[in-house]
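Report on the following structure.
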Amino acid sequence: MRNIIDFIIKHQFLFIFLVLESIAFYFVLNKNEYHNATYQRFAQQINGKIELKKTQIKQYLNLKKINDRLIAENEELKNVIVIYQSSYNISKAIKKDKQYNYYVCRVINNSINKQYNYITLDKGSKHGLKPKMAVISPNGAVGIIEAVSPNYSLVISLLNRNIKVSAKIKKNNYFGSFEWSGTSYKKAFLNEIPLHVDVKKGDTIVTSGFSYIFPEGIPLGIVEDVKISSGTFYDITLNITTDFKSLFYVYVIENNKQEELNELENKIKND
Amino acid sequence: MIRRQINHIILFVLLIFLQVIFFNNIQFSFLIVPYFYVLFVLLLPFETPGWLLLLSSFLLGIIIDLFSNTLGIHAFATTFVAYVRPAILKSFAPRDGYEPGTMPRISYYGFYWFLKYTIVMVLIHHTVLFYIEMFKLTDFFYTLLRVILSTIFTSVFIVISQYFIMRK
């Protein structure tokens, strides 16, 4: 303590100077509007810069957390996109040229665990449904109406060993035949794709529109595995896009020109 | 000795009057504002103790501030120039130091010595004063011009005044 006092007395000239200048400077900053405003602005600027740096550092330290969150969000959005894209494609297909009418139906019975699965809908001939109409969901194709009663209709699900749908690879239009695997409600096969065709895991398979039942471009599945076992065709395994386990509302599609086309084709066959 | 102190107190009051009534009102332009009162710091005896030097300068500055509504600015500059005064006097000292009993005046150390001393002191005072007044560096060269012109005018007034007041 004494040392400090000695030190201050020894340098009293400097200390008095500093004290007086501090007082003067305090007056400058606080008693003059202009200086006060300038000082405030300056202090604010400095403060803002420090805050900015602080936030930047904080952001950097939290990058991993933010990244994880973004990945999760991305995943969610991707799922949403898939739904929207398929329903967009469907509505596009449906509205094209007014060739197709569609009816919204509710699924009242559905099975997925048999070899020959059927779905029952809550609308029938009274509402305009007829056999051979296509049934789709927002995610993709569901099946074909097999029989109708006045109030109900029976649909052959795609999960049925008896059904085959004309399908094509979306990106290059090579067409083959879609067939259920019979082992899982998610697995199906795409047959008759020749070996020279470029097909990879992740490619989308859609309906070809050749049967005149399904409009063109309704999603069927996504390629999961491509194998060459024998012969001239690939063994392609698909992941079915429609979630048969959670079917609730479906669309029934009526092709207005189906009869005309059938007639035309029957003519050729008869000849 | 006591007569000398009374003389300085009279000088103190006189300089405040002169500054407030006369010099604060003769602005040739915005560029030239002479601050004549700094003469008080210049004329204090060599032997003035440090605390008295600083305190009287601070007091002078504060009073000028009160009259010109710029609280703190003149006090800051005047205290600053009082603080550097001993170092400047030391650097301008004759070879064998200042003789005891003499004062920092033209009559003791000559015109050139006094002119040098005045210009350096006034320049320091005005530099601090004008830059504190501006309080930013954006108009640096404009402020510098004001400092230089005002220093010239204040120095001229101070040197001339030495031939009118306080003869030996």
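The values are calculated or read from the model by the stated rules, or taken from the named source; none is laboratory data. In this text the structure is predicted, and so the values were computed from the model without any measurement. Glycine also receives a Cβ, built like all others from the backbone with ideal geometry; neighbour counts cover every protein chain displayed. Surface accessibility is based on the protein's heavy atoms, side chains included, excluding ligands, DNA and RNA. Shrake-Rupley method; radii C 1.70, N 1.55, O 1.52, S 1.80 Å.
Label separation (A:Arg161 vs A:Gln85): 3.4 nm, computed from points 7 Å beyond Cα along the C-beta direction. Accessible surface for the protein assembly as shown, divided over its residues, is 59 Å² per residue with a 1.4 Å probe. Of the peptides B:103-116, B:52-65, the order by per-residue mean of other Cβ atoms within 10 Å, starting with the highest, comes out as B:52-65, B:103-116.
Over the whole of B:72-80, what's the average partner chain Cβ count within 10 Å per residue? Rounded to a whole number, please. Intermediate results must be reported in sequence, preceding the final value.
Numbers: counts 12, 7, 3, 7, 9, 2, 2, 9, 4.
Mean shielding count: 6.
The mean sequence separation of alpha-carbon pairs under 8 Å and at least six residues apart, normalised by the residue count of chain A, gives a relative contact order of 16 percent.
A Cα-only calculation for segment A:2-60 places Rg and Dmax at 18.6, 51 Å. Take each peptide in A:237-248, A:130-141, count the other Cβ atoms within 10 Å of every residue, and average; sorted highest first, the result is A:130-141, A:237-248.
Relative contact order for segment B:1-160: what is it in percent, counting Cα pairs under 8 Å that are at least 6 residues apart?
RCO, segment B:1-160: 25 percent.
Measuring heavy-atom accessible area with a 1.4 angstrom probe and counting protein chains only, the residues of segment A:5-31 that give up at least 30 Å² relative to the chain alone are A:Phe13, A:Ile16, A:Phe17, A:Leu20, A:Glu21, A:Ala24, A:Phe25, A:Phe27, A:Val28.
The local environment of A:Lys130, defined by Cβ-Cβ distances under 12 Å, has a net charge of 0 under the rule Lys, Arg +1 and Asp, Glu -1. Counted over the protein assembly as shown with a bin width of 20 Å, the fraction of Cα pairs per bin, in whole percents, is 19, 26, 8, 8, 19, 17, 3, 0.
Quote the FRET efficiency, to the nearest 0.05, computed for A:Phe210 versus A:Asn74 with a Förster distance R0 of 41 Å and r equal to the Cβ-Cβ distance.
Result of the calculation: an efficiency of 0.65.
The simple Förster model, with R0 at 30 Å and r as the Cβ-Cβ distance, assigns B:Ser161 and B:Asp96 a FRET efficiency of 0.55.
What the Cα convex hull of segment A:121-271 gives, in volume per residue, is 130 Å³.
Estimated from the Cβ-Cβ distance and a Förster radius of 41 angstrom, the FRET efficiency linking A:Glu33 and A:Lys65 is about 0.30.
Per residue, chain B reaches -21500 deg cm²/dmol at 222 nm when only DSSP H runs of four or more residues are counted, each adding -39500 (n - 2.57). Return the carbon/sulfur percentage of the accessible area of segment A:7-147, one whole number, probe 1.4 Å, all protein chains in place. So the carbon and sulfur contribution to the accessible surface is 59 percent.
Mind grabbing the interface size between A and B? I mean buried accessible area, both sides, 1.4 Å probe, in Å² to the nearest hundred.
1800 Å²
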